[in-house]
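Notes for the one structure printed next.
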Amino acid sequence: SPADLGLYDEIQMEALKPVVEFIKLHGATPGIQLAHAGRKAGCAVSWKGGGKLPTEKGGWQTVAPSAISFKPDETSPRALDAAGIQKV
């Protein structure tokens, strides 16, 4: 989702280096979670309702193994076939 923290490019990786160094300084090992948001992707932050964002506000067409929406009142993701799932 647009407001999620991520490592999407070199600029973000450089910006997060001080955080990594701070974690190491205090004896912990930093880590990241690799994930695919699927049908929940493209949502607003929780304090603004957490609902699906329209494309003009930063949302996008989501994809998932089925066309079942995350919430009943939200748009459905585009269902992926086996080849589409492999690609993701």
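Numerical summary
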{"quantity": "Tilt relative to the chain, helix 10-25 - C-alpha long axis, 0 to 90 degrees, to 10", "calculated": "50 degrees"}
{"quantity": "Loop-resident sites, the chain, for chymotrypsin sites (Phe, Trp or Tyr not before Pro), counting at most 10 other Cβ within 10 Å (DSSP)", "calculated": "Tyr8"}
{"quantity": "Per-residue [θ]222 nm for the chain (sum of -39500 (n - 2.57) over DSSP H runs n ≥ 4, rounded to 500)", "calculated": "-7500 deg cm²/dmol"}
{"quantity": "3J(HN,Hα) from dihedral phi, the range 64-74, Karplus parametrisation 6.51/-1.76/1.60, rounded to Hz, x for glycine, proline", "calculated": "7, x, 9, 8, 8, 6, 5, 10, x, 8, 10"}
{"quantity": "Cα-based Kirkwood hydrodynamic radius, the range 1-42, one decimal, Å", "calculated": "12.0 Å"}
{"quantity": "Local net charge near Lys71, Cβ-Cβ under 12 Å (Lys/Arg +1, Asp/Glu -1)", "calculated": "+1"}
{"quantity": "Cross-link partners of Lys52 among aspartates and glutamates (Cα-Cα below 18 Å; sequence separation of 8 or more within a chain)", "calculated": "Asp4, Asp73, Glu74"}
{"quantity": "Centroid-to-centroid separation of the range 1-39 and the range 44-88 [C-alpha atoms, Å]", "calculated": "23 Å"}
{"quantity": "Derived scalar couplings ³J(HN,Hα) [the range 75-88; Karplus, 6.51 cos²θ - 1.76 cosθ + 1.60; whole Hz; x for Gly, Pro]", "calculated": "5, 7, x, 7, 5, 9, 8, 4, 5, x, 5, 4, 5, 5"}
{"quantity": "Kirkwood hydrodynamic radius (C-alpha pairs) into Stokes-Einstein, the chain, 37 °C and 0.692 mPa s, D in µm²/s", "calculated": "216 µm²/s"}
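Read-outs: derived from the displayed coordinates by stated rules, not from any lab. All figures in this text were calculated on a predicted structure; none of them were measured in a lab. Cβ: placed from backbone, ideal geometry, glycine included. Neighbour counts: every protein chain shown.
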